[in-house]
Each structure stands twice: as structure tokens, then as C-alpha cells.
């Protein structure tokens, strides 16, 4: 059975996330980070940031909710029962700081079949309130038995 | 670290996530997929027990990579990983990395995260601005 590829190239509306100090603190803590720029406003400002700065992998927090509607779209048709998160890439630009409003827009880059598995590749681009790109992400999901 | 050369090992990061780490990561990240936080659910879908979030393990790879720039959040420019084996709570994770290339003040580091013999992240490639 061929894999459905109709959704390749499809874009979905952006989702906006407001970055906050306590959420940054929570995420930095769970990863065991100890750089005070994630916890203390004065330390962050002394290091040249507008406010407390998010660790790079905080990109998950603001971009995953934006990508979910794309992955759940029936036109994409991913079988979640046999899906695994196969790969992930982030490319960081402008840092994300508390107070930023970050809008993430997802797109379906590729859908293809290889070795009996379906590969569903999504891209998301996140920009802040000034229009500066914060991160570009590539999400690869693998579905067994397509 | 002031100077890195091709083939250098970056300092190894060892972390043992406790039993409730997946719950805290779920809260911090917003990913409450029950395969990560509910052992009974995980077993019902054929897993040995609840498994770590892949993005948590990727977070440790990011931490180990940025450590060469003293944890500066601006230093990590790109990180690409493949998730393969499943990570488990209450087992030590070791993140090891080797400098693959150096281009001026930008280094590329190849990284692997393992639990014992099990590779949970492979083919990780980080670009760090020193």
C-alpha cells in the first residue's frame, strides 16, 4: 500500500507562545543547568540579555504546541499507534528571553516510505515579536508498517 | 575550554535521571504522553516500562555540547540527533562527544548518549560557537 503524500508542502497557521521567567527556570532545572542567566534577571542582563534567557532546548516548549496540529492533521494521516520520534534538529538564531512572544509556523517538508516505514518530516520556523528568527526546527517521525 | 582540536574528546556528562524525572520533564515541556509517565500504560503498549522523553535526552546532549562554551546559551547554533534505543529512568546516561571539525571559532561535535550498552541518541551533531 502506497503512503499518502498529499500533505507535502502544506503549511498550518502559526501559534504564539509568551515566554516567562518561571517556565524558563523550570525547564533549566529539569535539565540540570546551573548558568545563572536562566534564573536571575540581573545575571542575564549583565551577560547582555534583555531578561532571563531560555536554554536552547526550551525551543521544545514554544514550538511543540505549534507543530502538534500539523502532526494531527487527518490529511497527513500519521498512524500514532506505531509512530516514534525518529529525529530532531534545531538551528538557533536570536536567543529567546522572558517576555518574548514567539510565533511558530509549521510546514510538512517530506513524506516518504523506506524499508516498510513511513517517514514524516515537518519543519517549523519560530520568530519573535520583532520578526527576528529564533529557531528553525526539523521534526522526523517514523511510522512502522505503512 | 580555550582550545579544541579535531579528535578531542569533550568532557563526559553523566546523569542518572531519578524515578520521577519523566514527570518533571513532562511538566516542564508540556509533553504528557503516558508512555513517559505511566509504567502500566507503557507496558500495555509493549514497552518494558515508562521511557524517558527523547527530547530530555537531547537536552542532555545540548548541555554537554554547550559545556565547551561554559554553558553560554548563545553558543549552541545547531543540534541534530537521531533517537533510537529507548531511555529508561533510574539508569545512568553518559553523553560523550568528539570534535569532528574546527572552523575558526565554530566547532562541530559528534555526540552519543548511552545507557550501558544501549545507545539512546546517536549521530548527534552539534555546532558550537566558542
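For this structure, a couple of remarks:
- Shielding by other protein chains, A:83-94, mean Cβ within 10 Å: 6
- Using all pairs of distinct alpha-carbon atoms, the Kirkwood hydrodynamic radius of chain A works out to 16.3 angstrom.
- Across chain B, the fraction of Cα-Cα pairs farther apart than 20 Å, rounded to a whole number, is 45%.
- Look at the stretch A:19-29: the mean tally of other chain Cβ atoms within 10 Å of its residues' Cβ atoms is 2.
- Helical runs assigned H by DSSP (4 residues or longer) give chain A a calculated mean residue ellipticity at 222 nm of -6000 deg cm²/dmol, each run adding -39500 (n - 2.57) before division by the residue total.
- Label point at residue B:118 placed 7 Å out along Cα→Cβ; residues across the range B:51-69 whose backbone nitrogen lies under 13 Å: B:51-54
- Average beta carbon contacts from partner chains per residue of B:60-67, 10 Å cutoff: 4
- Binning all Cα-Cα separations of the protein assembly as shown at 10 Å, short to long from zero, yields these whole-percent fractions: 7, 28, 36, 23, 5, 0.
- Restricting the calculation to Cα atoms, the range A:1-63 shows an Rg/Rh of 1.25 when the hydrodynamic-style radius is the Kirkwood one.
- Calculated [θ] (222 nm, deg cm²/dmol) that DSSP helices of n ≥ 4 give over chain B, each run adding -39,500 (n - 2.57): -6500 deg cm²/dmol
- Sorted on the mean count of surrounding Cβ atoms within 10 Å across their residues, most packed first, peptides B:74-81, A:57-64, A:115-122 read A:57-64, B:74-81, A:115-122.
- Protection proxy ranking of B:55-61, A:44-50, B:41-47, by the mean of other Cβ atoms within 10 Å over each peptide's residues and highest first, is B:55-61, A:44-50, B:41-47.
Taken together, the values in this text are just the output of simple stated rules run on the coordinates, not laboratory data. A quick note: this is a predicted structure, and the numbers were derived from the prediction, not measured. Backbone-built Cβ (ideal geometry, glycine too); neighbour counts: all protein chains shown.
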